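Structure first, then comments.
The values are calculated or read from the model by the stated rules, or taken from the named source; none is laboratory data. Note that the coordinates shown come from a computational prediction; the quantities given were computed from them, not determined experimentally. Cβ: placed from backbone, ideal geometry, glycine included. Neighbour counts: every protein chain shown. To get the accessible areas, we keep the full protein, side chains included, count just its heavy atoms, and leave off ligands, DNA and RNA. Shrake-Rupley method; radii C 1.70, N 1.55, O 1.52, S 1.80 Å.
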Amino acid sequence: QVQLVESGGGLVQPGGSLRLSCAASGFPFSRYPMRWYRQAPGKERELVAGISSTGGSTNYPGSMKGRFTISRDNAKNTVYLQMKSLLPEDTAVYYCNARMVSEYWGQGTQVTVSS
């Protein structure tokens, strides 16, 4: 079955960096675009970044562009999210997403930005 397992979250100071990973299995990973979402307490889940199946195209909502970078390694069935210049408002649970006939989510990884 499809599995998405996120890792790499944690506590970081404002201005710091983190790299999240999402290990995928159970589907032909290299054929599908992938996305990262996040959900902060009391807020709706929002798109953070997306990447095409080959990695040749990426997209970011305006507030993430320039600070977040999505990438993938199709040989490792893994998608990454490099985050820099982190702000307290980036605190959220970050989820990996794959969309095929059905939509699949990982369990999420907590990112806390605080001094």
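Worth a mention:
- Filter result (among the β-branched types (V, I, T) and closer than 13 Å to G8 by Cα) within region 59-94: T78, V79, V93
- Residue within region 95-108 that is open to solvent by less than 50 Å² (accessible area, probe 1.4 Å), closer than 18 Å to G10 by Cα, of a type outside the set (S, T, N, Q) and free of Cβ contacts under 8 Å to residues at least 60 places away in the same chain present: no
- Test: R35 is modelled with pLDDT of 95 or more, within 30 Å of S114 (Cβ to Cβ), out of contact with any Phe, Trp or Tyr (no Cβ under 8 Å at 6 or more places or on another chain) and among the basic types (K, R): yes
- Test result for E103, more than 11 Å from the chain's Cα centre (by Cα), of a type outside the set (S, T, N, Q) and closer than 22 Å to S25 by Cβ: yes
- Which listed residue, of L4, L20, is among the aliphatic types (A, V, I, L, M), in contact with a Leu (Cβ under 7 Å, 6 or more places away or on another chain) and surrounded by 12 or more Cβ atoms within 10 Å (Cβ to Cβ): L20
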